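I have placed the structure first, in the form of structure tokens, so that the comments after it can refer back to it.
Derivation of every value follows stated rules applied to the coordinates shown; laboratory data play no part. Only a predicted model underlies this, so the values are computations on that prediction, with no experimental measurement involved. Here the Cβ is made from the backbone with ideal geometry for all residues, glycine too, and neighbour counts use every protein chain on show.
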Amino acid sequence: MNTDNMRERAVAVSVVVPVYNVEKYIERCLDSLVRQKFGYEYEIIIVNDGTKDNSMTIADRFASEYDFIRIITQQNAGLSAARNTGLANARGEYIAFVDSDDFVSPFYISEMYTLAVKNNADIVQCRYCNYFEKSDRSINVLLSHRNGVIGGKKAFEKLISDVSVRNYAWNKLYRRSLFTDNNISYPVGKCFEDVITTPRLFACAENVAFTRKVLYSYAHRPDSITGLAGRKMVDSYLEAYLILSEYLAENGIYYICRTRISVMTLKVLITLYGMIARQYMAGKGNGGSYISDCREVRNTVKKQLRLLSPAYLKRAQKKQLSKTN
């Protein structure tokens, strides 16, 4: 890898790939990234997050063959820290994050970059498919925002519902200055970091573009972080939305997005009920019953997230009115 040549060339897009114990999948991921049909310079930043398997043997082989791949090694600190490391070392005008067990279309970069430049968009979101390792089958996600460009404020409101505009980091292209100019990074040590970070990025965006072309394949595997449905995952999911609700309250956003927040709250509850169900199906229940655990989670959402509280809605309304006066 010739790092001097890399410094001389202007980079349009940086793709950050955190790596930790993915030796079974990383070759597929990197192979899809080096085969991009893109007419401009791009770089792939592989962040070795202290992996303990043979993932880096494969990554090193790719780096020796392609001079636009860089490898950065750090002690294990988690996905957020790895993304932040990649972000700190990125040189592209735009940045994308690809999980190392996933893979992308040959047009993943070109389609989104073209939309970004054409529409002066700060964020571009593509459609994705769910790929199931066990059956080797892919299913395109049905709920995806229609093609087009909308203002950042409207896109943010849609994101809060988390239906057609999702909070995932990986099916998007971001103008890198959204992170650097607004001091935004991924929260280290937190699971479901996208729930915490993506709304902040959307809140700073002027324009957001969408394509319904399926450009990203999200791999479902039993040993992934989100595939392990233990009580810790339930608590982490709740914590992420608690942090988000505090962000909405502190910035006077709650009242403006109150209808969409109601949708989000319902979605949070349904997701939590599903996570608890998977616990019991895997024999990892919390010691009580499924119904009692669901009731406990519902009460926590009402008390801690406060997203269904009429009293909280009234306080949020007053805060919003005070900001406009």
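Extension gain for the segment Ser138 to Asp31, taken as residue separation times 0.36 nm less the Cα-Cα distance, is 36.7 nm to one decimal.
Starting from the Cα gyration tensor of the stretch 3-220, take the square roots of the eigenvalues, sort them a ≥ b ≥ c, and report rounded, prolate or oblate (rounded when a/c is under 1.5, otherwise prolate if a/b is larger than b/c, else oblate).
Verdict is rounded for the stretch 3-220.
Remark: the Cα gyration tensor places the stretch 112-253 in the oblate category, a/c being 1.5 or greater and a/b not exceeding b/c. Once you have the Kirkwood Rh of the stretch 48-88 from its Cα pairs, apply Stokes-Einstein at 10 °C and 1.306 mPa s and quote D in µm²/s. Translational D for this selection: 146 µm²/s.
For the stretch 84-123, the residues whose amide N sits under 18 Å from a probe point set 7 Å from the Cα of Val188 along the beta carbon direction are 84-90. One decimal place: the segment Asp67-Val163 gains 30.7 nm when fully extended, by the rule 0.36 nm per residue minus the C-alpha distance.
Here the spin labels are modelled as points 7 Å beyond Cα on the Cα-Cβ line, and at Cys294 and Asn130 they lie 1.9 nm apart. So which of Lys24/Lys118; Lys232/Lys267; Lys37/Lys213; Lys153/Lys232 end up more than 26 Å apart, counting from Cα to Cα? Correct reply: Lys24/Lys118; Lys153/Lys232. Each other residue within a Cβ distance under 10 Å of Arg260 adds +1 if Lys or Arg and -1 if Asp or Glu, for a net charge of 0. Using R0 = 30 Å, the C-beta based FRET efficiency linking Lys24 and Lys302 works out to 0.15.
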